[in-house]
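Nothing in this text is a laboratory measurement; each read-out follows from the coordinates by a stated rule. The model shown is predicted, which means the values in this text are computed figures rather than measured ones. Positions of Cβ are backbone-derived with ideal geometry, glycine not excepted, and every protein chain shown enters the neighbour counts.
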Amino acid sequence: MNHKIYPVTEVGKVTGAFTHFSDPGAGIRTLSTDSRKLADMDHAVFFALAGRRDGHQFIPEVYQAGVRNFIVSAYDRDLDRYPGANFLVVPDTLKALQALAAHHRSQFSFPVIAITGSNGKTVVKEWLYQLLAPEYHVIRSPKSYNSQIGVPLSVWEMNESHTLAIFETGISRTGEMEALREVIQPTIGILTNIGEAHQSGFSSREEKIAEKLRLFKQTGLFIYAPFYLENYIGEIPGERRFTWSRHGHADLEVVDDEILEDKYQFLRGRFGAEEVQCLVPFMDAASVENVICCWATLLALGYDPEVADDRLEKLQPVRMRLELKNGINNCSVIDDSYSLDTSSLAIALDFLKQQNQHPKRTLILSDLPGTGPQDDLYEQVASLLGNKFVDRLIGVGPVIGTHHDKFKMQAQFFDSTEELLDNLGNLKLVSETILLKGARIFGFERISKALTQKVHETILEINLNALEFNLNFYRSQLRPGVGIMAVVKAFSYGSGSFEIANLLQFNKVDYLAVAFADEGVALRKAGITLPIMVMSADAGSLDTLIAHGLEPEVYSSRILEELITVLSQKKTEKYPVHIKLDTGMHRLGFMPAEVGGMLELLRNAPSVKVKSAFSHLVSSEDAADDAFTSHQAALFSELTATMEETLGYSFLRHLSNTSGVTRHPSAQFDMVRLGIGLYGIDTAFKTRSPLQTAVVLKTSISQVKILEPGETVGYNRRGVLPHGGKIATVKIGYADGYDRRLGNGAGKMSINGYLVPTIGNICMDMCMLDVTGTNAREGDEVIVFDEEIRIEEMARQLGTIPYEILTGVSQRVKRVYFYE
Ligand SMILES: *Cc1c(COP(=O)(O)O)cnc(C)c1O
């Protein structure tokens, strides 16, 4: 491995730690902050960070996995429990992480570019990487690692072989930037832009700008657009400054833009006395702005304008996400072929490890970019694969095969992507999870195409990061010790099954709940080991339940008696059951008067044990019914107290659903049942929801037509165009779940940023949009709902609730998952 190894004693000094060494000779080269993502055990140090979950809690698990160095802020004085371990005790483990990264950064004297801004940071970083790669060996932040933790981890990856670094930073409140500046110590600064949106972490726009500019305090060169700093009265950093503008005087002034061939943007500008130009393969406003920022950077760095033009024209779109799709032969395919280096490989492998639906995991990996002797590099790759449970490796490229002896798993090698494609049939890829990870020049998208099922072009995209974010949001609302049961009934509210459950399991929720036994069985088959509650269990499914370790909800004496009979025949003892109490919903559950009889049955039945008792709130989102909610909570409290007293043991109690969590903190009891909130919908938030949108429904345009005045569109001539216009036919209809009542202008979709209405009646498999005045073309992507076109609003329009819209997206619409 190329990375420098620091003696643990030096790490102790740099972090100012009080040290407890059992092995003072240890060396450190890998930083670890997540117990689920460990690697390079011999040289790793684990930082017990205080976060949503206190990192100290994971020390035994991390020690068990083989890590021996720990940076902690509190420690167990019983060090005998950790033979051979080093403990470095510091007041603040995050500060220690940052100090260590800053120390590492100081070892290098090549240029370091830091990027910040409200939008476009990651794209500008990736594009600069593409633009500068011919001259430099660039180290850059993986994906969008730009936080207080992400930045030090990115900087730590710098090594002797690099000649340029590009790091991005993101902050959410005052006081954070100085820490990042000390870690990055940038020599060149780039501000992409400043968004208008008011951010809660800052008291004013002025303060937000001042905080962002702090990053560039000591840079030799600062590149920015003065437009974003208009009216800013503070000092503008940078020994030297390079400005760009589309509206006035600057070092690079863009004076004109023009769309060519419907796919290029031709930009003309002035650079000092020179006329400059560039042709870029993007048309949307955000991309063009990011391009100009990159253009300015190239010129500021002294590149010839013609070279700049040449390179900008070849920019590739940035795709920063892993996509999980259904593959052929019952495989799942994780597609991540946008870039390849060891840090993005490690991230992709973590995701592979998280998906348990198939017992076998295969990695298709190309040569890693780079030149010179690469023993260390492939050594590092092999150790990553070993640690992350890859069963089979398929290597592609002239180099990787020469390192075959380093890979301990089943392995095969091909010289080129073409050769692999020719042999695809012989590889026998069946019922496994396949990770595709290739450098861009290998064109792995061709393999992806060959391995994935053809998708009907209407897809429901599920953003797993957003789901994780929302889970963490609700976690932060819980009182200490309160657990989470994630409700994944109805294919996780229409968004998938094992893909979501695997993510939830990885994120350590405590329980899952499904509606029917079949759903639970499918999850068990996909490797879900979490306890699972089945809400509609009946006598017919009891055998299946027991065979798969699923736990039934018991809502009546009849069900309880049947269950006891089956379990006693099987001589089972203490089978976990969940008692449903009816506190006001009047759907399923024991009425208060029936509790006595239920307890009588339970007391005489050693075959079952109450694992939990629960009830359901009827109106948790609605303030008008708060009195009734309180009444439900009080009744629930009373009934469960009686149960515990009679049974002589305690069990978990849970009452709240999504909206109950934030609106009724006192009703959290021992656990909450979280459903729709995971997908970013919680009607308790009337405005300004803190959640992220996790599901986006998309389709595409099949045909565009220009119509004369007076012509009509669709069945029964309901769509009328008195002045003529342009219409687009898109591949979604009521059979896909797009409600027919959204026809004739009621529904809106968005194309290239234009919000356009439906026209005419919605058909079964398609519908038409009025795209007059827009640049809509055949093949363009069409957004049906997302964070702008909100499901809540559609539901309101249709007189229904978001739950129905979500679960109404038909199963023929393919689900695609992604993870950034
Ligand atoms: C569906 C369901 C939930 C989840 O409700 P959300 O409002 O989606 O959070 C919780 N409990 C029960 C019994 C349910 O049926």
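Could you list, bin by bin from short to long, the percent of Cα-Cα pairs of region 564-695 in 10 Å steps?
Whole-percent P(r) values from 0 Å outward: 12, 38, 28, 15, 6, 0.
In debye, nearest 20, what is the charge dipole magnitude of the chain about its Cα centre with +1 on Lys and Arg Cβ and -1 on Asp and Glu Cβ, if you could check?
It works out to roughly 1440 debye.
In whole Å, what three semi-axes, largest first, describe the equivalent ellipsoid of region 143-195 built from its Cα gyration tensor (square root of 5 times each eigenvalue)?
The equivalent ellipsoid of region 143-195 has semi-axes of 20, 13, 10 Å.
How large is the translational diffusion coefficient of region 322-454 in µm² per second when you combine the Kirkwood radius over alpha carbon pairs with Stokes-Einstein at 4 °C and 1.567 mPa s?
Rounded to a whole number, D works out at 89 µm²/s.
State the Cα centre-to-centre distance between region 646-683 and region 94-126 in whole Å.
That distance is 41 Å.
Give me ASP510, ASP376 sorted ascending by neighbouring Cβ count inside 10 Å, so fewest comes first.
Ordered by Cβ neighbours within 10 Å, fewest first: ASP376, ASP510.
If one computes P(r) from the Cα atoms of region 6-93, what percent of pairs lie at distances over 21 Å?
18 percent
Give me the percent of DSSP beta bridges within the chain that run antiparallel, rounded to the nearest 5.
Counting only bridges with both partners in the chain, antiparallel ones make up about 40 percent.
222 nm [θ] for the chain, helices only, -39500 (n - 2.57) per DSSP H run of 4+, per residue, to 500?
About -8500 deg cm²/dmol.
Sequence-distant or interchain residues sharing an amide H contact under 5 Å with SER700, placed H: which?
Those qualifying (amide H under 5 Å, at least 5 residues apart or on another chain) are LYS731, VAL782.
Is the C-alpha gyration tensor of region 591-657 telling us rounded, prolate or oblate? Criteria: a/c under 1.5 is rounded; beyond that, a/b larger than b/c is prolate, otherwise oblate.
prolate
Hey, what do the phi angles of region 696-708 turn into as Karplus ³J(HN,Hα) couplings, whole Hz, using 6.51/-1.76/1.60 and θ = phi - 60°, x for Gly and Pro?
10, 9, 10, 9, 8, 8, 8, 8, 10, 9, 9, 10, 7
Please list, or write none, the aspartates and glutamates whose alpha carbon is within less than 16 Å of the alpha carbon of LYS428, excluding same-chain residues fewer than 8 places away.
Partners within reach: ASP391, GLU419.
Just tell me which aspartates and glutamates come within less than 12 Å, Cα to Cα, of LYS698; anything on the same chain fewer than 8 places away is out.
Those aspartates and glutamates meeting the cut-off are GLU457, GLU461, ASP736, ASP780, GLU781, ASP786.
More than 22 angstrom separation, counting every C-alpha pair in region 108-313; what % is that?
47 percent
In nanometres, what is the gap between the two model label sites at GLU275 and GLU594, each 7 Å from Cα along Cα-to-Cβ?
Output for this residue pair reads 8.5 nm.
To check my understanding: the extent here is largest minus smallest coordinate of the Cα atoms along each principal axis. What are those three numbers for region 79-161, in Å, largest first?
Reported extents, whole Å, longest axis first: 54, 30, 19.
Just check region 473-679 against the gyration tensor rule for me: Cα atoms, a ≥ b ≥ c as the square roots of the eigenvalues, rounded for a/c under 1.5, and otherwise prolate or oblate depending on whether a/b exceeds b/c.
It comes out oblate by the Cα gyration axes.
Please express the shape of region 695-819 as an equivalent ellipsoid: the semi-axes are the square roots of 5 times the eigenvalues of the C-alpha gyration tensor, given largest first in whole angstrom.
Calculated on Cα positions only, the semi-axes equal 24, 16, 13 Å.
Dividing the alpha-carbon radius of gyration of the chain by 2.2 N^0.38 Å (N being the number of residues), what value is obtained?
1.04
Quick one: which residues, 5 or more positions from ALA411 or on another chain, have an amide H under 5 Å from its amide H? H modelled 1.01 Å from N in the peptide plane, none for Pro or chain starts.
Result for ALA411 returns LEU393.
Which residues' amide hydrogens lie under 5 Å from the amide hydrogen of VAL276, considering only partners 5 or more residues apart or on another chain, with H built in the peptide plane?
Here the answer is GLY269, ARG270, PHE271, since their amide H atoms fall under 5 Å of that of VAL276.
How many angstrom separate the Cα center of region 704-721 from the Cα center of region 410-460?
44 Å
Run the numbers for LYS263 and ARG446: contour at 0.36 nm per residue of separation, minus the present Cα-Cα distance, in nm.
Result for the pair: 63.6 nm of gain on full extension.
In what order do TRP295, TRP244, TRP156 fall by count of nearby beta-carbon atoms within 10 Å, going from fewest to most?
Listed from fewest to most nearby Cβ atoms, that is TRP156, TRP244, TRP295.
Have a look at LEU180, VAL291, PHE216 and report the one farthest towards the positive end of the charge dipole of region 108-313, computed about the Cα centre with Cβ charges (Lys/Arg +1, Asp/Glu -1).
Of the candidates, LEU180 comes out farthest on the positive side.
If I model a spin label at ASP405 and LEU427 as a point 7 Å from the Cα along the Cα→Cβ vector, what separation in nanometres do I get?
Roughly 2.6 nm, to one decimal.
Test of understanding: ordering LYS731, LYS570, LYS686 by Cβ neighbours within 10 Å, fewest first, what list do you get?
Lowest count first: LYS686, LYS570, LYS731.
Roughly how many debye, to the nearest 20, is the charge dipole of region 1-132 about its Cα centre, given +1 on each Lys and Arg Cβ, -1 on each Asp and Glu Cβ, and no other charges?
Result for region 1-132 is approximately 420 debye, rounded to the nearest 20.
Relative contact order for the chain: what is it in percent, counting Cα pairs under 8 Å that are at least 6 residues apart?
8 percent
Choose one of GLY269, HIS358, PRO369: the residue whose Cα lies farthest towards the positive end of the charge dipole of region 266-377 (beta-carbon charges +1 Lys, Arg; -1 Asp, Glu; about the Cα centre).
HIS358
Which helices pass in the chain if a helix is a full DSSP H run, must span at least 15 angstrom along its long axis by Cα, and must have mean Kyte-Doolittle hydropathy not below 0.5?
TM-like helix candidates: 285-300, 342-354, 557-569.
Quick check on my link table: of LYS705/LYS814; LYS143/LYS217; LYS4/LYS95; LYS580/LYS748; LYS37/LYS408; LYS143/LYS360, which ones sit more than 30 Å apart, alpha carbon to alpha carbon?
In this structure, LYS580/LYS748 lie more than 30 Å apart at Cα.
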